[in-house]
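Notes to accompany the following structure.
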Amino acid sequence: MSAAPPRLPLWVRKPQRAVGAVHALKRELRRLRLHTVCESARCPNLHECFSRGTATFLILGDRCTRACGFCAAAGRLPEPRPAAPDPAEPAAVARLAAALGLRHVVVTSVTRDDLPDGGAAQFAETVRQLRALLPRARLEALAPDFQGDAAAIATILDARPDVFGHNLETVARLYGQVRPQARYRRSLEVLAFAKRRAPAVLTKSGLMAGLGEQPGEIEAALHDLRAADVDILTLGQYLQPARHNLSVAAFHPPAQFDAWRHYGMSLGFKAVFSGPLVRSSYLAEAVWKQAAGGTSC
C-alpha cells in the first residue's frame with residue numbers, strides 16, 4: 001500500500017477569491033485561443049493574479065516536447081504532437097495585454113524542440129507586437145533553453161525585452177530526475193550568453209525547493225547563477241501539480257526561504273524573491289522594481 005501524500009502545511013495553502021473576475025479572464029483567454037502558464041502549471045497564485053487582471057502568457061501552444069518531472073504541461077510526446085505555431089498568436093497576446101492595461105507583461109512558452117528555431121521567432125514577434133501596442137510597458141521573456149542555440153536566444157534579445165529569464169529549476173544533482181532532457185550547465189550558459197549579448201537587459205532565473213536537495217545544494221546553485229551574471233532570482237516551494245508528477249520530498253518553512261533570500265542578496269543579486277508560494281513570474285513587476293533600485297519584495 002502506497003504512503004499517503006503529506007498534508008500541505010498552512011504556509012502553502014491559499015484561498016480562492018474573486019471567482020467572477022477569474023472566470024471572466026478565463027473566458028477571454030478561451031475566446032482568443034490563448035494560454036497561460038498560470039493554468040498549465042496549476043499555479044497556486046492563479047486566483048490572486050487573475051482577480052487582479054494579470055496573467056503570464058504561454059505561447060506556442062500548451063503541449064511540450066519534453067517530460068520534466070515537475071511540470072503539468074499537457075500533451076507530452078509522442079502523442080499528441082504539438083500544433084504548428086499560430087501566426088495570429090503574437091497579435092492576440094498584445095491585444096489582450098493592452099485591454100488589461102498591463103504595465104509589466106511576462107511571456108513564456110512550452111519547449112518546442114520540434115521546431116527548427118525552437119519557437120524563437122514566435123517569441124520575438126510576440127515581444128515586438130507587445131512593444132508596438134504597449135510602448136511604456138516592461139516586457140519580460142521567460143524562455144526555454146533552445147538546446148543551447150545561441151542564434152535562437154539572440155533572436156529574442158534582438159526584439160528588446162526588458163528582462164530575459166530562463167529557469168534553472170533545480171540543483172545540478174537532480175537534473176537527471178527532474179529535467180532529463182535539459183542540462184544544468186547548458187541552462188547556466190543560456191543565461192550567461194544573454195547577459196553578454198545584451199548587458200542592459202536584466203537576466204532572471206528561478207529555482208524550486210523541495211524536490212530532494214541535500215544541505216548546501218541550493219546555495220551552490222545560487223553561486224552558479226551569480227557566476228553566470230544573473231541579476232534576479234526567484235525561489236519557491238515545489239508543489240506536486242498532478243499525480244504523474246514528482247512527489248514533494250520536503251516542505252520548507254518560511255524561515256528557510258528568508259535565509260535563502262538573505263544569502264542570495266549577500267552574493268550580489270539585484271533582487272531575490274524567496275518564499276513558499278513564489279513562482280518565477282509571480283509579482284514580476286514588484287521584483288523588477290527591486291532590481292531597478294526601488295522597493296524590496
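Amide H contacts for residue 56 (H built 1.01 Å from N in the peptide plane; partners 5 or more residues away or on another chain; cut-off under 5 Å): 37, 38. Charging the Cβ of each Asp and Glu at -1 and of each Lys and Arg at +1, and nothing else, the dipole of the chain about its Cα centre rounds to 720 debye. Between the labelled values [x] 54, 46, 34; [y] 55, 42, 39; [z] 46, 44, 42, the entry that holds Cα extents along the principal axes in Å as derived from this structure is [z]. DSSP beta bridges fully contained in the chain are about 5 percent antiparallel. Can you return the aspartates and glutamates within cross-link range of residue 289? Criterion is Cα-Cα under 16 Å, with same-chain partners fewer than 8 residues away left out. Straight-line reach from residue 289, under 16 Å: 140, 162, 231.
In the elastic network of the chain, a GNM with C-alpha springs shorter than 10 Å, the most mobile of 273, 193, 57 is 193.
GNM on the chain, alpha-carbon springs under 10 angstrom: the most fluctuating residue among 27, 128, 42 is 27.
From its DSSP helices (H runs of at least four residues, each -39,500 (n - 2.57)), the chain gives a residue-normalised ellipticity at 222 nm of -10500 deg cm²/dmol.
With the charge dipole of the range 16-291 set up from +1 on Lys and Arg Cβ and -1 on Asp and Glu Cβ about the Cα centre, the Cα lying farthest toward the positive end among the listed residues 275, 35, 198 is that of 35.
We did not get these values from a lab; they are worked out from the coordinates using the rules stated. Just so we're clear, the structure is a prediction, and the values are computed from it rather than from any experiment. Glycine gets a Cβ as well: all are built from the backbone with ideal geometry, and neighbour counts include every protein chain shown.
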